Amino acid sequence: MIKKLSLLLVIAVSSAYADGIKALDLFLQNKNSSISADFVQTVYGVNKNKISQGRMEISRPNKFRWIYLNDGQEIISNSKMIYVYDKQLKQVTQKPLNGSLGKSPASLLAGGSNIKQIYDISNLPESNGIEWVLLKSKNVEDNNGFKSIQMGFNKKTGELSQMNFVDSFDNKSTISFSNVKTGVKFSKDEFDFLVPKDVDVIKN
């Protein structure tokens with residue numbers, strides 16, 4: 001009898017935490033292949049937190065534009081090249097979109113790879129109406145600098161709500177999303193990047 005009760009308890013708990021992965025699977029489906037949202041990014045420090053606001057746009061596979069409104073920095077991918085533009089420094093870093101990005105958090109949103117081949121994914125308890133999944137790199141030596149990543153989805157709408165990161169030095173950061181829209185129609189040149197005049201270009 002005790003064994004049966006224990007088994008039922010395990011099943012009940014598993015069922016209660018089973019929706020996070022389902023929400024992730026739905027998020028990665030084609031119907032969500034184009035997304036836009038506002039975000040607030042918080043990097044937690046010992047004495048002070050750094051808070052940045054911005055806007056993201058995604059068109060799968062591998063096209064995205066990530067704009068920080070505070071300092072004007074932009075990160076753009078046209079599916080072949082990635083550009084990191086720093087307006088204050090008048091500098092652009094340009095590099096091919098290669099396998100390393102496919103293992104980074106950006107790939108979770110841009111859908112550039114099968115994340116289940118890269119990460120071990122497990123459900124976490126629901127919290128305040130958000131269903132959570134935990135992602136840990138299968139290759140600890142090649143985790144792109146992150147020990148763990150959490151993705152949270154609104155239980156009612158299924159929309160991406162929040163992402164939490166812990167890097168290799170145990171630094172923590174959070175990105176909260178709002179005004180999430182899916183099925184967005186972007187212009188053909190939305191993810192193209194033209195280098196402004198008088199800007200230094202660094203190629204990696």
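Just so it is clear, none of the values below were taken in a lab; they were calculated from the coordinates. These numbers come from a predicted model, not from an experiment. All Cβ positions, even for glycine, are placed from backbone atoms using ideal geometry, and neighbour counts span all protein chains on display.
Residue ranges 191-203, 175-187 sort as 175-187, 191-203 when ordered by packing (mean number of other C-beta atoms within 10 Å per residue, highest first). By the gyration tensor of its Cα atoms, with a ≥ b ≥ c the square roots of the eigenvalues, what is the shape of segment 23-90: rounded for a/c under 1.5, prolate for a/b over b/c, or oblate? Verdict is oblate for segment 23-90. Ranking of Asp167, Asp71 by neighbouring Cβ atoms within 10 Å, starting from the fewest: Asp71, Asp167. Our estimate of slack between Ser148 and Ser52, defined as 0.36 nm per intervening residue step minus the Cα-Cα distance, is 32.4 nm.
Taking the number of Cβ atoms within 10 Å of each Cβ as an exposure proxy, the fewest-first ranking of Val46, Val166, Val133, Val92 is Val46, Val166, Val92, Val133.
Listed by chain and number, the aspartates and glutamates placed with their C-alpha closer than 12 angstrom to that of Lys136 are Asp120, Asp167; residues fewer than eight positions away on the same chain are left out. As a rough footprinting exposure proxy, the listed residues Glu141, Glu131 were ranked by other beta carbons within 10 Å of their own, and the order from fewest upward is Glu141, Glu131.
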